[in-house]
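Report on the following structure.
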């Protein structure tokens, strides 16, 4: 389904410190102080973001030499041996012996939230290994521009998006936001939230929070009441209710009864036959440290409920606009990966480096040196943690690419020099999928597993 250019532009307005709730998701002031760095600034507005870019341009003469020397050429995918678990799972799918889906969960920022590049990866993998379903999506509209492939939602004003927020440098929230790190919540009487799902599903799972003082809501699928869910419990915990439906597109609606607070994390959409499922779990303005704001036991129970075979961490664009010392950023990445490993130790992991981002200088648009440094830190952390690494910067063609893409007759990048157009995201997603499939084919050859296809 093709979105208009206006709708796509609305999806991609959050980057590099723009108006997202995680715009100030930087190193805590106490940590920065211990390292001798200045405390992080408050979330900049659009105008302050522009001033920040201007300051970056003024100092470009000294910044253009990145802190890490980068080889002229290297493959985009590194350490594919770290993907053994997911490759073994894909092999079982391909050979017809699998009974469970191969689940891939991509946590990321606005590049992921747009679900354009991820949809290209999803289609490529499902074309070879089978379509296990659309995966995890939001119910309703957790923020105004939330639109993903095959999902269109809405909700009455009694519902609000819930994902925590920063106030005066402090994170406010209980950290229980579900698999994607965001939810919708209703603390008033009545209210409805709905999603039109054009992607076919035969099994729909509603994920929600049980909590003290929790209320109840009714679930309607295609206009038919399927059940009533009560969320009151003595302690806060994740909960799930599954509904079997006829294979096809569906309309799902939740109607709150007004007898207590209701928090709904989203919907899991699966099909009857095992295949690949890829969840695009992106939040506009997010950084890798966003994950550290989620309550760890809650995050763990969400991941363990449907354990992923592969977790992709797709951050770095917003961090490339921050002033967090790289040593602190490196420790934060290790902390994120440690949390994931404690929750799902068998899952393969891959760090997906950020796409190219350019800044304007007196000499023209040039790749942000900070983005190159962020990419190098991610590369080093991935190797140390036993994860694969994929450089989207290298896959695009290296530093300077995004500035070229912006000026093309059919641009592959937007004029903010941060986000890509649909064509750019699709090309990058297809390149990533191709590299993964080549590595999978090599794995089958190395392990003497002959493909049946």
query: Would a scan of the range 430-450 turn up a residue that is at pLDDT 95 or above, outside any loop (DSSP other than H, G, I, E, B) and under 20 Å from residue 367 (Cβ atoms)?
result: yes
message: Being over 15 Å from the mean Cα position of the chain (by Cα) and closer than 24 Å to residue 422 by Cα: is that true of residue 125 here?
response: yes
query: For residue 99, all conditions in the list (1) in a loop (DSSP other than H, G, I, E, B); (2) modelled with pLDDT of 95 or more; (3) more than 26 Å from residue 288 (Cβ to Cβ) hold save one; what is the number of the exception?
result: (2)
task: Would you be able to say whether some residue in the range 135-149 is modelled with pLDDT of 95 or more and closer than 15 Å to residue 255 by Cβ?
output: yes
message: What pairs come out if I take residues in the range 91-117 that are on the phi < 0 side of the Ramachandran plot and pair them with residues that are assigned to a helix (DSSP H, G or I) and at pLDDT below 95 whose C-beta lies under 6 Å away, six or more apart or interchain?
response: 114/11
query: Would the range 345-365 turn up any residue that is assigned to a helix (DSSP H, G or I) and surrounded by fewer than 23 Cβ atoms within 10 Å (Cβ to Cβ)?
result: no
query: Would it be correct to say that residue 140 is surrounded by fewer than 22 Cβ atoms within 10 Å (Cβ to Cβ) and within 16 Å of residue 269 (Cβ to Cβ)?
result: no
statement: Within the range 195-229, residues surrounded by 16 or more Cβ atoms within 10 Å (Cβ to Cβ), more than 25 Å from the chain's Cα centre (by Cα) and in a strand (DSSP E or B) come out as 211, 214, 216, 217, 219, 220, 221, 226, 229
task: Examine the range 301-312 for a residue that is assigned by TED's automatic domain parsing to the domain that holds residue 86, more than 30 Å from residue 376 (Cβ to Cβ) and at pLDDT below 95, and state whether such a residue exists.
output: yes
message: So, in the range 285-323, how many residues would count as being assigned to a loop (DSSP other than H, G, I, E, B) and within 27 Å of residue 132 (Cβ to Cβ)?
response: 7
When residues of the range 176-190 are limited to those that are at positive phi and at pLDDT 95 or above, the one farthest from the chain's Cα centre (by Cα): 178
field: the range 67-94, residues that are at pLDDT below 95 and not in a loop (DSSP other than H, G, I, E, B)
entry: none
query: Is it the case that residue 169 is assigned by TED's automatic domain parsing to the domain that holds residue 255 and in contact with a helix residue (DSSP H, G or I) (Cβ under 7 Å, 6 or more places away or on another chain)?
result: yes
- prompt: Restricting to the range 157-175, what's the tally of residues that are closer than 16 Å to residue 142 by Cβ, free of Cβ contacts under 8 Å to residues at least 60 places away in the same chain and under 22 Å from the mean Cα position of the chain (by Cα)?
  reply: 2
task: With the condition kept exactly as written, say whether any residue in the range 330-337 is at positive phi and either without any contact (Cβ under 8 Å) to a residue 24 or more places away in the chain or part of a loop (DSSP other than H, G, I, E, B) (or both).
output: no
Flag for residue 203 being at pLDDT 95 or above and closer than 27 Å to residue 188 by Cβ: no
field: Residue that is surrounded by the most Cβ atoms within 10 Å (Cβ to Cβ), among those in the range 250-277 that are part of a strand (DSSP E or B) and without any contact (Cβ under 8 Å) to a residue 60 or more places away in the chain
entry: 250
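The values are calculated or read from the model by the stated rules, or taken from the named source; none is laboratory data. Nothing here was measured: the structure is a model prediction, and the numbers come from that model. Note that we place each Cβ from the backbone using ideal geometry, even for glycine, and neighbour counts take in every protein chain shown.
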